[in-house]
1. Could you tell me whether any residue of region 81-94 is loosely packed, with under 14 Cβ neighbours inside 10 Å and at negative phi?
2. Open to solvent by less than 20 Å² (accessible area, probe 1.4 Å), touching a Pro at 6+ places or on another chain (Cβ under 6 Å), more than 14 Å from Gly5 (Cβ to Cβ) and touching a residue at least 12 places away in the same chain (Cβ under 8 Å) - does that describe any residue in region 32-41?
3. Could you pull out every one of the strands (runs of 3 or more DSSP E) wholly within region 96-183 that has 2 or more residues that are open to solvent by less than 80 Å² (accessible area, probe 1.4 Å)?
4. When both residues are 6+ apart or on different chains and their Cβ atoms are under 8 Å apart, which pairs have a first residue that lies in region 71-96 and is in contact (Cβ under 8 Å) with a residue 40 or more places away in the chain and within 14 Å of Thr47 (Cα to Cα), and a second that is open to solvent by 10 Å² or more (accessible area, probe 1.4 Å) and basic (Lys, Arg)?
5. Is there any pair linking a residue in region 1-23 that is under 24 Å from Arg46 (Cβ atoms) and part of a loop (DSSP other than H, G, I, E, B) to one that is among the charged types (D, E, K, R) and open to solvent by 50 Å² or more (accessible area, probe 1.4 Å), with Cβ under 7 Å and at least six apart or on different chains, and which?
6. Can we say Asn136 is farther than 26 Å from Thr31 by Cβ and out of contact with any Cys (no Cβ under 8 Å at 6 or more places or on another chain)?
7. Could you grab me the full set of residues in region 63-80 that are open to solvent by 40 Å² or more (accessible area, probe 1.4 Å), part of a strand (DSSP E or B) and over 16 Å from Asp39 (Cα atoms)?
8. Taking Asp56, is it open to solvent by 20 Å² or more (accessible area, probe 1.4 Å), in a loop (DSSP other than H, G, I, E, B), at pLDDT 90 or above and not hydroxyl-bearing (Ser, Thr, Tyr)?
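The values are calculated or read from the model by the stated rules, or taken from the named source; none is laboratory data. No experiment lies behind these values; they were computed from the predicted model shown. Backbone-built Cβ (ideal geometry, glycine too); neighbour counts: all protein chains shown. Keep in mind that these areas ignore ligands, DNA and RNA; they rest on the heavy atoms of the full protein, side chains included. Shrake-Rupley method; radii C 1.70, N 1.55, O 1.52, S 1.80 Å.
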Amino acid sequence: AWSDGLIESVEPLTGLRNWQYQSEVNVWGITGSSAQDEDKLVASTRTGIVSLCLADGSLIQNVTTDLGWRNGVTVAQSGYLVDENGTLWHLSREGNLSSYPLAIGKIRHPPLISDAGIVIHAQGQGGSTIALLDENYSIVNSHTSGSSPAMPILIGQYLVTGDASELRSFDCSQNCSALSALT
């Protein structure tokens with residue numbers, strides 16, 4: 001997927017194009033990573049979410065969300081999660097779209113799925129928040145962090161994230177409890 005909105009499938013050995021799909025562009029197109037869900041490719045676009053058939057690129061779903069800078073899509077058991085401007089969007093495989101305003105700042109990464117729940121590190125005014133969400137997309141645990149949050153990663157049950165002042169680790173096997181910090 002490209003910033004001009006083009007999504008294409010190419011043969012890995014030859015580089016020849018199998019198919020292409022042009023998503024809607026509003027200043028820019030796709031800026032985050034796409035994901036595979038069984039036989040579908042799912043991408044967060046500048047204006048929403050699309051899912052395409054991996055075999056031929058035919059459109060399966062195309063829904064509109066708020067205009068945003070998209071940071072990729074996460075495939076969950078219940079469907080697809082994308083985020084922007086403090087709102088978490090959920091698109092079910094059946095096409096039902098829901099939004100969950102989190103009011104913790106701007107989300108700058110695809111949501112992470114841990115054993116404890118969904119993890120988000122959001123950028124706010126002068127700081128950031130590391131939040132754990134339950135299956136109803138409600139915040140059940142949060143930690144205050146510094147400004148300029150980094151892209152968090154999950155390594156097994158462990159979350160590693162950082163900001164302008166420190167690197168932190170959490171055990172996300174049950175409730176994303178803080179383990180250590182390195183300044």
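1. If we filter region 81-94 for residues that are loosely packed, with under 14 Cβ neighbours inside 10 Å, which is where we start, we get 92, 94.
Now drop any that are not at negative phi, which leaves 92, 94.
Looking through region 81-94, at least one residue is loosely packed, with under 14 Cβ neighbours inside 10 Å and at negative phi.
2. The answer is no; no qualifying residue exists.
3. Numbers: elements: 97-101, 118-123, 128-133, 139-145, 153-155, 158-162, 167-171, 177-182.
Counting at least 2 such residues, we get 97-101, 118-123, 128-133, 139-145, 158-162, 167-171, 177-182.
4. Asn71/Arg108
5. Gly5/Glu24
6. Working: farther than 26 Å from Thr31 by Cβ: yes; out of contact with any Cys (no Cβ under 8 Å at 6 or more places or on another chain): yes.
Taking the combined requirement at face value, the residue satisfies it.
7. Applying the first criterion (open to solvent by 40 Å² or more (accessible area, probe 1.4 Å)) to region 63-80 yields 64, 66-67, 69, 75, 77-78.
Those left that are additionally part of a strand (DSSP E or B): 64, 75.
Hit for region 63-80 is Thr64, nothing else.
8. Details: open to solvent by 20 Å² or more (accessible area, probe 1.4 Å): yes; in a loop (DSSP other than H, G, I, E, B): yes; at pLDDT 90 or above: yes; not hydroxyl-bearing (Ser, Thr, Tyr): yes.
In short, yes.
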